[in-house]
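Here the structure comes first, spelled out in structure tokens, and everything after it is commentary.
Values quoted throughout were computed directly from the atomic coordinates according to the rules given, and no laboratory measurement underlies them. Since we're looking at a predicted model, the values are computed, not measured. Note that we place each Cβ from the backbone using ideal geometry, even for glycine, and neighbour counts take in every protein chain shown.
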């Protein structure tokens, strides 16, 4: 366990700086928005209100997921760290990161909405500001995105040039084909997909965010399972 | 100590001969400590096993001896032993090849003796 | 004790066979030279010993335990790779700090004193180091790691003569103080040959010879003299590396030097000399 945590320590240290930069920017923007909204709050024509940072946090953590593997894995290989040890250490690091970000985001949501007209993404979607719900939901969302980023970067790492191109183009081709086919059958596919997402995110059942949390959890576990298959016997390469 | 890595002689023999030379030249006096395996290995950039082999050759000949945990020391009477040994090999190494070369050049025994005595 | 057993290892890269049914035993506390031409399979073998890549067939054990994904076993080995695996924006001194985390017996003071001796600026970033200093930096990590097994892949790459000299001396100092298993993979054989205790010669993915350097050198000798006389001496013998200059000829005879026929040589006016490891290597791997 101690050995795993050493790797986790490095992973956290590697993510820390970009996390600090990210929140410095976000907090600066928040302060700017607060100043603007206080200055113009007397003017009834100006309606300064803005949505949550949840989405930018999700994008940030997705990119963090994309960056958590290649150079880190190589560095750990310099110390002969096994793949399985890196795997578990990285999962712990990603969980820590998602927890920290969920707490910061939810705290910021609750501070901001007391000073300016503001709604976090969770409140916008589920019409409730239950703090524990927000934290769990944000955590689930972040786990999903960060694990997805990690999986994608490993697929790329394992692919040769031809495979890389195929992997990159495939989603686009798939979506285009789907759209073309969809046109012929009255958009049933898109509607179907939309319906599935509505279900999975709990919108279909009286905005039940617990269903969303469960969906995030299950998909994250599936993605981590795929990551495990990817990292087994992954070779060192440039 | 200088070694000739291209020589016909194995390195460990060169080492033992070089130490013998040093004893003959009184660089190492009797009952004095000689160079260690580590020093030999590092300064000559050779594997310590080779250095050890060279020193052990001298131990076997009774020229140096091991003091546990301290190092190798020159034996009493080592110089005489080396002289005796060298004299024995003097004929094989020098005289026989001298005579061989001389016979190729058709130099007579008298001429050789004259050369040694300093007259041409 | 850390003895390494390589059993029937075969490794393919695509359709190319990089290693072909290789089996060797690495005994503890010896300095080995892994000698082979470019592409012979030296790095592949070292990569396999540390799980950088995995074999198609065969297995590798350290003290009887499989090294496959075995953190405990692999922590005994420090592998100085030719490729750089360290984060490029990390400073040398930070790498020292992290190495201490993963190799708990890493000697930070020793690493710093070696850096001083070689003139390595530890405040520099890894990417700012020249080829020579990258080698020095990685070699210092290996020396200071205090691991029981050091695998050094081309450790003197890009080093000038003074630094090569210093590196061999430091390596031997550390080895004398605390014996360990060292495998040096190199094609600069001449200057390393006396440092080695055993040589492993590898050619086209196969082990050609694994012997003590002494035995290897005794296993052949050079005979030279007038060409037709040399020819009559070597008739019926196995030989390599024929070299002629005018009517003079020299040949490396593949038989133990104790079997030299001195009588015949004298009659034919031939001379014997020892074969150099470098020469023997070139002839064997050609």
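Take every Cα pair under 8 Å in chain C that's 6+ residues apart, average their separations, divide by the length, and report that relative contact order as a whole percent.
Normalised by residue count, the contact order of chain C is 20 percent.
How big, in percent, is the set of alpha carbon pairs in the stretch C:74-161 lying more than 16 Å apart?
Value for the stretch C:74-161 (Cα pairs over 16 Å): 48 percent.
Across peptide B:44-53, what mean number of C-beta atoms from other chains lies inside 10 Å of a residue's C-beta?
Counting other chains' Cβ atoms within 10 Å and averaging over B:44-53 gives 6.
Nearest 0.05, what FRET efficiency do residue A:32 and residue C:187 give at R0 = 51 Å with Cβ-Cβ as r?
0.25
When C:269, C:108, C:20 are ordered from fewest to most other Cβ atoms inside 10 Å of their Cβ, what list results?
Ranked by crowding around the Cβ, least crowded first: C:269, C:108, C:20.
Going by C-beta contacts inside 10 Å, put A:195, C:163, C:187 in order with the fewest on the left.
By the 10 Å Cβ count, ascending, the order reads A:195, C:187, C:163.
Given the rule -39500 (n - 2.57) for each run of at least 4 DSSP H residues, summed and divided by the residues of chain B, what is its mean residue ellipticity at 222 nm, to the nearest 500 deg cm²/dmol?
For chain B, the value works out to -16500 deg cm²/dmol.
Compute the FRET efficiency between residue A:16 and residue C:108 as 1/(1 + (r/R0)^6), taking r as their Cβ-Cβ distance and R0 = 25 Å, and round to the nearest 0.05.
0.60
For residue B:26 and residue C:263, FRET efficiency with R0 = 35 Å and r from the beta-carbon atoms, rounded to 0.05?
About 0.25, to the nearest 0.05.
Where the centroid of each part is defined by its Cα atoms, how far is the stretch C:1-45 from the stretch A:172-228 in Å?
Using only Cα atoms, the two centres lie 50 Å from each other.
Across peptide C:84-96, how many C-beta atoms of other chains are within 10 Å of each residue C-beta, on average?
Mean shielding count: 2.
Please give the calculated 222 nm ellipticity per residue for chain C, where each DSSP H segment of at least 4 residues contributes -39500 (n - 2.57) and the sum is spread over every residue; nearest 500 deg cm²/dmol?
That calculation yields -10000 deg cm²/dmol at 222 nm.
In whole Å, what three semi-axes, largest first, describe the equivalent ellipsoid of the stretch A:79-238 built from its Cα gyration tensor (square root of 5 times each eigenvalue)?
Working from the Cα gyration tensor, I get semi-axes of 31, 27, 13 Å.
Compute the distance in nm between two label points, each set 7 Å from the Cα along the Cα-to-Cβ direction, one at residue A:208 and one at residue B:85.
Computed distance between label sites residue A:208 and residue B:85 equals 9.5 nm.
In whole Å, what is the distance between the alpha-carbon centres of the stretch C:183-230 and the stretch B:66-120?
First find each Cα centre; the distance between them is then 33 Å.
Hey, what did the stretch C:1-108 get for relative contact order, percent, Cα under 8 Å, at least 6 apart?
Reported relative contact order: 26 percent.
Kirkwood Rh, Cα Rg: Rg to Rh for the stretch C:143-247?
That ratio equals 1.10.
So what's the protein assembly as shown giving for Rg/Rh, alpha carbon basis, Kirkwood Rh from the mean inverse pair distance?
1.17
With springs connecting C-alpha atoms under 10 Å apart, model chain A as a Gaussian network and identify which of A:190, A:137, A:150 has the largest mean-square fluctuation.
A:190
For n ≥ 4 DSSP H runs only, could you compute -39500 (n - 2.57) per run for chain A, divide by its residues and tell me the 222 nm figure to the nearest 500?
The per-residue figure over chain A is -27000 deg cm²/dmol.
Starting from the Cα gyration tensor of the stretch A:153-238, take the square roots of the eigenvalues, sort them a ≥ b ≥ c, and report rounded, prolate or oblate (rounded when a/c is under 1.5, otherwise prolate if a/b is larger than b/c, else oblate).
Oblate is the answer for the stretch A:153-238, as a/c is 1.5 or above yet b/c matches or exceeds a/b.
When a footprinting reagent is the concern and you count Cβ atoms within 10 Å, what order do C:165, C:109 take, fewest first?
Ascending Cβ contact count within 10 Å gives the list C:109, C:165.
Once fully extended, how much extra length lies between residue C:273 and residue C:256, figured as 0.36 nm per residue of separation less the alpha-carbon to alpha-carbon distance?
Separation in residues times 0.36 nm, less the Cα-Cα distance, equals 4.9 nm.
Contour minus end-to-end for residue C:93 and residue C:121, with contour as 0.36 nm per residue of separation and end-to-end as the Cα-Cα distance?
Working it through step by step, the gained length comes to 9.2 nm.
Suppose a student asked you for the relative contact order of the stretch B:30-120, using Cα pairs under 8 Å spaced at least 6 residues apart; what percent would you report?
Once divided by the residue count of the stretch B:30-120, the mean separation gives 25 percent.
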